[in-house]
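J.: What follows is a structure written as structure tokens; I'll ask about it next.
The values are calculated or read from the model by the stated rules, or taken from the named source; none is laboratory data. It should be emphasised that the depicted structure is a prediction, and the values quoted were computed from it without experimental measurement. Here Cβ is always computed from backbone atoms with ideal geometry, including for glycine, and neighbour counts include all displayed protein chains.
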Amino acid sequence: MIAALEPGGLAAPRLAHGDEFFGWQTGGRVVSFGWVTYKDRMLGPVRVAEAKGRAFLYNFHTLKEFRGRGLYPAILLTMRFVLGCEQVTEFVIDVNVRNVASVKGIHKGGFVPVAQVAYFTFFTHWPRLARWSTSDPTATSLFLPSGAKRPTWKR
């Protein structure tokens with residue numbers, strides 16, 4: 001995770017939170033990894049709601065010298081298979097649309113876009129929603145806890 005320019009000490013709290021780690025290893029070294037959580041996930045100012053059978057895949061990284069070998073799509077497919085055997089039926093992954101390599105890997109991993117969230121962050125602290133939209137009517141449940149009223153955001 002240090003190679004992904006993340007601060008040290010993130011793994012233990014994530015594991016204690018119930019998150020799971022998936023990775024590819026060679027020569028005793030993790031060369032590609034990703035995380036899964038079942039708890040609510042924030043996309044800027046938008047809370048993506050947890051639900052039974054829903055998993056959020058996040059924070060993937062592949063070391064530079066191992067990129068271009070299909071490890072990212074392979075880990076996504078592996079996660080979907082393993083977690084699917086554990087009754088997970090809905091997988092959510094978010095990506096910055098400017099990260100073209102990740103978008104391609106996600107597509108190769110069998111994912112299709114169902115929602116889009118746009119937001120601004122002011123002074124690195126205050127995210128503000130600009131808009132959100134869905135291409136699948138069932139995707140609105142991602143943004144709303146069951147029984148909640150629809151927010152009055154502009155689409």
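So that you can scan it fast, the table gives a plain yes or no per residue for (1) outside any strand (DSSP E or B); (2) in contact (Cβ under 8 Å) with a residue 12 or more places away in the chain; (3) touching a Cys at 6+ places or on another chain (Cβ under 6 Å):
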residue	(1), (2), (3)
Gln25	no, no, no
Phe33	no, yes, no
Tyr58	no, yes, no
Lys104	yes, no, no
Val112	yes, no, no
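J.: Just one of the numbered conditions (1) more than 14 Å from the chain's Cα centre (by Cα); (2) under 22 Å from Thr134 (Cβ atoms); (3) of a type in the set (A, V, I, L, M, F, W, C) is not true of Val97; which one?
T.: (1)
J.: Counting just the residues of the stretch 114-143 that are surrounded by 11 or more Cβ atoms within 10 Å (Cβ to Cβ) and in a loop (DSSP other than H, G, I, E, B), which one comes out modelled with the highest pLDDT?
T.: Val114
J.: Here is a further query. Quick one: in the stretch 78-102, which of the residues that are touching a helix residue (DSSP H, G or I) at 6+ places or on another chain (Cβ under 7 Å) and without any contact (Cβ under 8 Å) to a residue 40 or more places away in the chain is nearest to Tyr58 (Cα to Cα)?
T.: Ile93
J.: Ok, one more. For Tyr72, state whether it is in contact with a Ser or Thr (Cβ under 9 Å, 6 or more places away or on another chain), in contact (Cβ under 8 Å) with a residue 40 or more places away in the chain and surrounded by 14 or more Cβ atoms within 10 Å (Cβ to Cβ).
T.: yes
J.: Hey, another quick one. How about the stretch 35-72: which of its residues are under 24 Å from Thr134 (Cβ atoms) and at pLDDT 90 or above?
T.: Result: Val36, Thr37, Tyr38, Lys52, Gly53, Arg54, Ala55, Phe56, Leu57, Tyr58, Asn59, Phe60.
J.: Another question about this same structure. Farther than 23 Å from Ala139 by Cα, over 15 Å from the mean Cα position of the chain (by Cα) and touching a residue at least 24 places away in the same chain (Cβ under 8 Å): which single residue out of Leu63, Leu15, Leu10 fits that description?
T.: From the options Leu63, Leu15, Leu10, the qualifying one is Leu63.
J.: Listed residues Val95, Val82, Val88; which is of a type outside the set (S, T, N, Q) and either on the phi > 0 side of the Ramachandran plot or touching a strand residue (DSSP E or B) at 6+ places or on another chain (Cβ under 7 Å) (or both)?
T.: Val88
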